[in-house]
Number of protein chains: 2
Amino acid sequence: MSLDPVDPARHMRTPSLTFSPLYRQIKELMIKSLEAGEWRPGDAIPSEAELAVRFNVSQGTVRKAIDEMAAENMLVRRQGKGTFVATHSDPRSFFRFLRLVPDNGELGNYQSEPFACQQISASPEVAAVLHIDLGSPVVKIERVMRFDGKPVVFDEIFLVGELFEGLSLERLRAFERSLYSLFESVFGVRMIRAEERLRAVEADARNAELLTVEMGSPLLLVERIAFTYGNKPVEWRRGYYATRQHHYLNELG
Amino acid sequence: MSLDPVDPARHMRTPSLTFSPLYRQIKELMIKSLEAGEWRPGDAIPSEAELAVRFNVSQGTVRKAIDEMAAENMLVRRQGKGTFVATHSDPRSFFRFLRLVPDNGELGNYQSEPFACQQISASPEVAAVLHIDLGSPVVKIERVMRFDGKPVVFDEIFLVGELFEGLSLERLRAFERSLYSLFESVFGVRMIRAEERLRAVEADARNAELLTVEMGSPLLLVERIAFTYGNKPVEWRRGYYATRQHHYLNELG
DNA sequence: AAGTGGTCTAGACCACCGT
DNA sequence: CGGTGGTCTAGACCACTTG
């Protein structure tokens, strides 16, 4: 029925620099479908057989495209059921970006308490990190995370204002699930990957008060840049972690 | 020539709990070849076609096995050349386990200065982490790492003594490349993966002196457990990182 | 030119999930 | 049972490296 949307590049005669295998072209097309919202978080995408017909390739080629996307946490395969668009609303992916765990594996109650949310304009530092113009709108959120009632993390979060218009403290407080879940379902901004930079620092007066530690005591500073599709940075986050009874766990493959 | 070594399990009639696809059985066989030293770090393994014949499966099945092993950094594919056993001697994989980077991307001179190496007996803590008997032999190494001459990391390293007999300060000093490279080439112990737990702590007198920081100033404590084949822990390392001009970089997929 | 890994296909069959 | 993803095969051809 449909003409082959891939065929033009199918026999890439370009010698090597721009060579891209078919399955990667399919992958790019599928990412476009995600960006465009054709397939929404939590949805099932069409079956491999359907996609093979749609893109006029074999099922094996579609599989390779999906394999890569699943490896990058964009899609989730479920044998017997289908392939689904990954979502931050799924409790299973809650700790995908939060590497903090209690020293004694017991995962107690978790609580996020946002206490400030304001429109500011981008400082030179924020503008540089988020690749936006100096002075352009930015949403700044401040919050404390508690585990079993005790404050463990103080976050200062900077968002590209353009993408999060109308975000307010009330909305933050009203929302039950994680921040990324809110960003995804209310603002349509999906975080795909992130970079974190860690340092040890001394608690200043504010940190000390919020985290109920002595001023000058050591804190783990975690700076995160989170990216959406196309490697576009949309969030910069500075988190101060009190590592009295928790630690940051990292698996090195 | 050879009888099919896989066939017995080929048609797994066990309903589901123990089901293991062919390619994963091939993978396990190949891991055995690595453990046994049939294929040594840096070596090329047989071609996919040869392995397909040897295991009496199709090339595609061998490929899937190799795919997984390459994804787990056990093997390295090189198009046109072959598939090679990963090695810590390869400078490209030097930073596979070291996530410390300078704040300004400039990667200056690196220097490892071991200054102590002794046989001790396993304390309760070390015994628990390394899964060995209390009091059994352990090699303890202490060293400082310098970047551009400045001390940045102080490591206390505990190794399962049984596997590292004859390790001495002289040998450590004589060896040019990384510790893991030495472990691999001299003792035949390959580190496959590791877990790191990070906390912020205050520098004690010893740390402070070795890292030339004020006593009580914040340090990043990185505790690492490194595993060899079969998820066997063989190294426990406590590293104190001075994060004045460096940070710990982590990519969240 | 020969040898290696990398891509793509078409088809068969298996494991898992829902109805 | 039908539909989904998962495995396995055999064969063709492409891209990269080396001689």
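Data for the structure
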{"item": "Residue count for segment B:91-133, restricted to those that are of a type outside the set (K, R) and buried (at least 16 other Cβ atoms within 10 Å of the Cβ)", "result": "14"}
{"item": "Cross-chain or 6+ apart pairs with Cβ under 7 Å, segment A:53-73 first and touching a residue at least 40 places away in the same chain (Cβ under 8 Å) and more than 13 Å from chain B (Cβ to nearest Cβ), then more than 10 Å from DNA strand C (Cβ to nearest atom) and small (G, A, S)", "result": "A:R54/A:S2"}
{"item": "Segment B:182-195 - residue that is of a type outside the set (V, I, T) and in contact (Cβ under 8 Å) with a residue 60 or more places away in the chain and, of those, nearest to the other protein chains (Cβ to nearest Cβ)", "result": "B:A194"}
{"item": "Residue list for segment B:196-220, restricted to those being facing chain A (nearest Cβ under 10 Å) and more than 24 Å from A:E251 (Cα to Cα)", "result": "B:E202, B:A203, B:G216, B:S217"}
{"item": "Residue ID - surrounded by the fewest Cβ atoms within 10 Å (Cβ to Cβ), chosen from residues in segment A:29-52 that are in contact (Cβ under 8 Å) with a residue 60 or more places away in the chain and on the phi < 0 side of the Ramachandran plot", "result": "A:E35"}
{"item": "Within segment B:223-244, tally of residues that are without any contact (Cβ under 8 Å) to a residue 60 or more places away in the chain, facing chain A (nearest Cβ under 9 Å) and in a strand (DSSP E or B)", "result": "1"}
{"item": "Residue within segment B:69-81 that is modelled with pLDDT of 95 or more, within 10 Å of DNA strand C (Cβ to nearest atom), part of a helix (DSSP H, G or I) and surrounded by fewer than 17 Cβ atoms within 10 Å (Cβ to Cβ) present", "result": "yes"}
{"item": "Flag for A:S33 being of a type in the set (G, A, S) and away from DNA strand C (no atom under 12 Å from the Cβ)", "result": "yes"}
{"item": "Per-region count, segment B:194-216, residues touching a Lys or Arg at 6+ places or on another chain (Cβ under 9 Å) and closer than 16 Å to A:E214 by Cα", "result": "1"}
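The values are calculated or read from the model by the stated rules, or taken from the named source; none is laboratory data. Because the structure is a prediction, the values reported are computed rather than measured. With ideal geometry, Cβ positions are generated from the backbone for all residues, glycine too; neighbour counts draw on all protein chains shown.
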